[in-house]
Structures are given as structure tokens and as C-alpha cells.
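Colleague: The structure that follows is given in the form of C-alpha cells.
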Amino acid sequence: MPASENWFLFFPAETFTEAIERIYALTGRNPDDSRGEKRALVALRDSLALDVDLVRTNAVLGREIAKALTVDWDPALHTERNKVTLEGLNVLLAGATEARQRGSLRRLRDAAPAELAGPAWAAFQPARSKIEAVTRIAALTRAPKEWLGPGAKEHKSVLTNLADRALPDVAMNRSSKTKLAASLATEFGVPWTDKCESTGETISLTGLNMILAGAERHLGFLGSEVVDALAAPEDEGDALAAALLAKLPSRWDGKLAVKWLADRGLRGANDNEWQGFYGEERAKVVLAGAFTPPDRPRRVRYGNTAFDYALNFVWDIKVHTETQVFGDRVAGGKTDTLLNDERAIRACIDEQGLGFLIVNGAAEMDESGEFVAWHRQFKAGRGGPPAAPSNSGTSRTRKAAFTTLHVESFWVPNSEALDAAILRGALKVKPIGRQAPRALGGEGAARADKFVMRMREARKSIRVARYDW
């Protein structure tokens, strides 16, 4: 492991998926969900300018990257056959994190238009996604916050607001979104090519990055990053919620979600409340691909609890069943959302504040029992343990699918605000019952108290953004 005064800032990834996402984010390369660790290792190779052939095994590639990062590499611990283990990925991630802080790991520019490759644009930091691009464009002139419409399509307002505020006295062609974008490009002195537009009167990510680069140079902000645009937690919470609205699937089929978790070695594939694990993991994938992270990561682990995501601020992601659908009948869901360990939440809020991203939806209930039968067979086929008996002796109706309704962000800045939220009834501490027993008649292990969010009260006092599907 590398030695550094900043070493304490590094927190190991808990899963392969998390390690790969963080390597993508660190190098600036856009994620590729279909290629596992290989492309992440290639991103590190390219960021370090190493001459290692792509046909070499992941184990060889990992060894050469470790050598370049000057981190200890033990093949017995860090590789298994021709693959890199999770411990090995964490060694590389740790070394790359320190290298990035030293400035010896260059950030790749996958999203940068080829026309902006010259030295005049060397400082430009391309947006990784459309939501990052429109967020940064709006922030340049302190325009109203932006989000993406259906199909992740940008609104024309991001361009009209930029034109009105940055070039108020310049006449431009506003007859359509693409014509206005081309006019802005001309005024900012950046190229506008066929790659800047997509079908259906849509601006591509290349086009938005072109406008962003030109506007930053015109306004004297070239070299800015998304963390500069999201200096307030309210702004960051709004942008994160908008990113989830744009990219999170709107309907989660239970069988496909369970298989998705299992294929990636993630927690929750065997859990009855699969939708919570699936929603959190898919949300992390969306956010990892949406925003360029800061060079110095925030602390996200407190004790045994690791919060889900951080840019300038730390956020935890939860899924809330707002309604339950039984065929043609709709029933109310829970009014509270279970959060995380009480001690971890208090410690994080006391140190740096903490936000919550809540995905609310309607659960389609498994009245026929077909899903639960499939799920038990699926778990048995993976060599999982038999279903544990419940503490109550009865089995609840499972969720066969989940449809998203809206996403909300909440923010608690400090311990005083936490105390106030508790007094208002927005948050409360809930004793958690024991785990399910290992055998019928036994007693499950004790669990620590957790916070719960009382949704109605929280929406009145600590909510900072909401977007509806």
C-alpha cells in the first residue's frame, strides 16, 4: 500500500462493481457495464500512459499497473487465475487515488469533442453526461436549475437562459433548439458539427460539451468542474435527484433485478426486500456515470456503515414503497423510510452533514406466490441457505415488481439541525428487532438502532428537491 499523509482519505471498495465504478470516475473514462474489470484496468493503463498490450490477461495488466503506481503487489492475494481479485482492485484503486492527488494520474477525456484537443483547450474538463453538462451550463450564469426530460433530452431553456445572460445584446437564431445551439457555438468561437446534434431536435453530449467549453472560456471559467457548480448541498441534492430521474429505470422487474444483483456479486439477490438493494446499486451506477468526482474524496465510512455516494457532500440512497398494488386495488405503503445505523448517521452529520436520496415508488405485490416460488428456487440453485423462519411465524407478501414515482433529496447540515428534525418528527430513532433465527424456535442476532425518516414531516422541513417520473 502507498504511504501518504492523505492515505487516511482512502476507503476500500466493498464490491467489484464499486471498485470498477470508482476507477472509471478517477480516470474520467465513461463506464461500460458489459465488460467487467478489463475496461477499468485499461482506463488505468491509459491514464498512466503504460505500454501494455490489450491481449494480456487482467492479472498481467494489474501487475504492471501496480508497478507503475509503486504499490505492493502479491499475486497470491491480488489475483486468482488470470483475474484480479477485489483486494487487488482496491490496491490499484488506492494507488491511483494517491497518484491522482499528486497529479501523476491524468484524467482521460472520453467526452471531450475531438475539435477541442488543442493546447488552448487543455484546461477544459468535459462533462461526463448530459445532466452534468446542463448543470454546469446553468451554473455559469446562475440560471435556474436544469433537469432532463423524457429520453434524457435537454430542455431548450438551458440554451435560452445562457443566451439571455451571457450574450444579452446579441441577436441569435432562436427558431429551434439546434439552431440556437449552433448560433451560440458561433458566438463562443467553437466548432459545430454533425456530431453535435442527434435526431429529434436533440443536442448530443458532444454538442453540450462544445457549448460548455465555449461559454466557460467566454465567461472566464475555463477549467471549472461540476464540484464548482454544486457548492451548496441544496444544489447538489437537486442535481443528483435530476440525474436519477434521467437514467434510473422506471420499472424494476423482480426476477431481472435479482439476476442483475447476483450476476455482479452484489448484496440483496437473496433478500426478500430486493428492491431496496437493487435501487441503491442502480442509483450508484447512474451517479458514478453522471458526474466527474473531486480529486479528494469525502469520507463515507463510519464504523461498519458506508454511505452510498459523495461529490462535495455525502449522500445515502434509499428506496421507499409509497403504495402497494394488488391487481386492480391500490393500498397505501409505509409512511416511514428506514435509514441507516443511528451512530453512523450522527457521526457523519456532526462531522460534515448528510443527505438522503429517496426513490419512491409503487410495489406490485406477488399475490399469486409465483415470484416467491421462483425466488426460492433461484436461491437454492445458487447454493444459498434455505429460507429462514420469520420471527413472527408468518410470511409477508413479496414484491414482484416496482415502479418509480418520484425521487427526493433531503439534507441535514449539522447536529443542531438533526436535533431540530427529531423534534419536528421528521426523523426518529427506531429500535430494530432481531435478525431472523437460523432455525425454527431459535433467536436471531441483535441489531443496532436505526434512524427512520417520517416522509410527511420530512417533506415539510428538510427536503431540498423533488422530481416526478
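The values are calculated or read from the model by the stated rules, or taken from the named source; none is laboratory data. It should be emphasised that the depicted structure is a prediction, and the values quoted were computed from it without experimental measurement. Every residue, glycine among them, receives a Cβ derived from its backbone with ideal geometry; neighbour counts consider all protein chains shown.
Colleague: Is there any pair with a first residue in the stretch 365-380 that is free of Cβ contacts under 8 Å to residues at least 12 places away in the same chain and a second that is surrounded by fewer than 12 Cβ atoms within 10 Å (Cβ to Cβ) and not in a helix (DSSP H, G or I) whose Cβ atoms are under 9 Å apart and which are 6 or more apart or on different chains, and what are they?
Modeller: From the stretch 365-380, the pairs are Arg376/Pro386; Ala380/Pro386.
Colleague: Further, regarding this structure: Can Arg174 be described as modelled with pLDDT of 90 or more, touching a Leu at 6+ places or on another chain (Cβ under 9 Å) and not in a helix (DSSP H, G or I)?
Modeller: yes
Colleague: So, one more: Any residue that is of a type in the set (Gly, Ala, Ser) and more than 26 Å from the chain's Cα centre (by Cα) - is there at least one of those in the stretch 82-91?
Modeller: For the stretch 82-91, residues of a type in the set (Gly, Ala, Ser) and more than 26 Å from the chain's Cα centre (by Cα): absent.
Colleague: Give me the residue from the stretch 105-134 that is free of Cβ contacts under 8 Å to residues at least 24 places away in the same chain and assigned to a loop (DSSP other than H, G, I, E, B) and, out of that set, farthest from Arg39 (Cα to Cα).
Modeller: The qualifying residue farthest from Arg39 (Cα to Cα) is Gly118.
Colleague: While we're on this one: Give the residue that is surrounded by the fewest Cβ atoms within 10 Å (Cβ to Cβ), with candidates limited to residues of the stretch 33-62 that are among the small types (Gly, Ala, Ser), under 20 Å from Glu80 (Cα atoms) and modelled with pLDDT under 90.
Modeller: Gly36
Colleague: Regarding Arg282, is this residue in the same structural domain as Ala310 (by TED's automatic domain parsing), closer than 18 Å to Tyr24 by Cβ, in contact (Cβ under 8 Å) with a residue 60 or more places away in the chain and not acidic (Asp, Glu)?
Modeller: Here the answer is no, as Arg282 does not meet what is asked.
Colleague: Restricting attention to the stretch 299-352, which residues are under 16 Å from Trp411 (Cα atoms), in contact with a Ser or Thr (Cβ under 6 Å, 6 or more places away or on another chain) and modelled with pLDDT under 95?
Modeller: Of everything in the stretch 299-352, just one residue is under 16 Å from Trp411 (Cα atoms), in contact with a Ser or Thr (Cβ under 6 Å, 6 or more places away or on another chain) and modelled with pLDDT under 95, namely Asn340.
Colleague: Based on what the data block shows, is Glu201 surrounded by 19 or more Cβ atoms within 10 Å (Cβ to Cβ), of a type in the set (Asp, Glu) and either modelled with pLDDT under 95 or within 28 Å of Ser250 (Cβ to Cβ) (or both)?
Modeller: No.
Colleague: Which of the residues that make up the stretch 218-250 are free of Cβ contacts under 8 Å to residues at least 60 places away in the same chain and either crowded, with 18+ Cβ neighbours inside 10 Å or touching a His at 6+ places or on another chain (Cβ under 7 Å) (or both)?
Modeller: Looking only at the stretch 218-250, we keep the residues that are free of Cβ contacts under 8 Å to residues at least 60 places away in the same chain, and these are 218, 220, 232.
Within the stretch 218-250, His218 is the sole residue that qualifies.
Colleague: Turning to a different aspect of this structure: When you scan the stretch 405-422, do you find a residue that is modelled with pLDDT of 95 or more and either outside the structural domain of Gly268 (by TED's automatic domain parsing) or assigned to a loop (DSSP other than H, G, I, E, B) (or both), even just one?
Modeller: Yes: the stretch 405-422 contains one or more residues that are modelled with pLDDT of 95 or more and either outside the structural domain of Gly268 (by TED's automatic domain parsing) or assigned to a loop (DSSP other than H, G, I, E, B) (or both).
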